[in-house]
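Worksheet: the structure to be examined is printed underneath.
The values are calculated or read from the model by the stated rules, or taken from the named source; none is laboratory data. This one's a predicted model, so the numbers in the text were calculated from it and none came from an experiment. In this analysis, Cβ positions are derived from the backbone assuming ideal geometry, glycine residues included, and neighbour counts consider all displayed protein chains. All accessible areas refer to the heavy atoms of the entire protein, side chains included, with ligands and DNA or RNA removed. Shrake-Rupley method; radii C 1.70, N 1.55, O 1.52, S 1.80 Å.
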Amino acid sequence: MTEIREEQQAAALRVVADAGARRAELLTEADRILNEEIRPAAITAARTGAERNRIRELARVGPTVLYRWLTEARLPVRAKRPPGRPDA
């Protein structure tokens, strides 16, 4: 017996829904790990003098994220270079 189009659509939508739910759970867990584990550890590492590039590499976050965390933690952060200015 062959499936009708509505049954095929329903089956495909169930797969999408299941994958979407799993993805949402993983994103929620990733966000929790980022904010409850990585962020405080990165701030502590910066306070102890660890190199900021190394912190970023190990935390796997971009400079904008790290420097936002450090600013919020009231740690000194160098001002951004003006665009178009060559490295000194």
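Since only Thr64, Gly84, Ala24 are under comparison, the one whose Cα sits farthest along the positive direction of the charge dipole of the chain, derived from C-beta charges on Lys, Arg, Asp and Glu, is Gly84.
Which FRET efficiency, nearest 0.05, do Ile33 and Gln8 yield, Cβ-Cβ r, R0 41 Å?
Values: r = 38 Å, r/R0 = 0.92.
For R0 = 41 Å, the calculated efficiency reads 0.60.
Taking trypsin sites (Lys or Arg not before Pro) that fall in a DSSP loop and have at most 13 other Cβ atoms within 10 Å as cut points, what is the longest piece of the chain between them?
1-59
For the chain, averaging the sequence separation of C-alpha pairs within contact (under 8 Å, six or more residues apart) and dividing by the residue count gives a relative contact order of 18 percent. The charge dipole of the chain, taken about its Cα centre with unit charges on the Cβ atoms of Lys, Arg (+1), Asp and Glu (-1) only, comes to about 880 debye.
For the chain, which DSSP H helices look membrane-span-like by this rule: Cα extent along the axis of 18 Å or more and mean Kyte-Doolittle of at least -1.0? Before the final figure, lay out each step's value.
Numbers: long enough: 5-33 (42 Å, -0.44).
What comes out of the filter, once short or polar helices are dropped, is 5-33.
Accessible area of the chain with a 1.4 Å probe: how many percent of it is carbon plus sulfur? Can you show the working numbers first?
Numbers: 4120 of 7550 Å².
Its accessible area is 55 percent carbon and sulfur atoms.
Report the calculated FRET efficiency for Glu25 and Arg47 (r = Cβ-Cβ distance, R0 = 25 Å), to the nearest 0.05. Approximately 0.15, to the nearest 0.05. Dividing the C-alpha radius of gyration of the chain by 2.2 N^0.38 Å, with N its residue count, gives 1.82. Were the residues from Thr71 through Asp18 laid out at 0.36 nm apart, the gain over their Cα-Cα distance would be 15.2 nm. Taking other residues whose beta carbon is less than 15 angstrom from the beta carbon of Ile43, and scoring Lys, Arg as +1 and Asp, Glu as -1, yields +3. For the stretch 1-67, GluC sites (Glu not before Pro) meeting the loop criterion (DSSP other than H, G, I, E, B) and having at most 15 other Cβ atoms within 10 Å: Glu3, Glu51.
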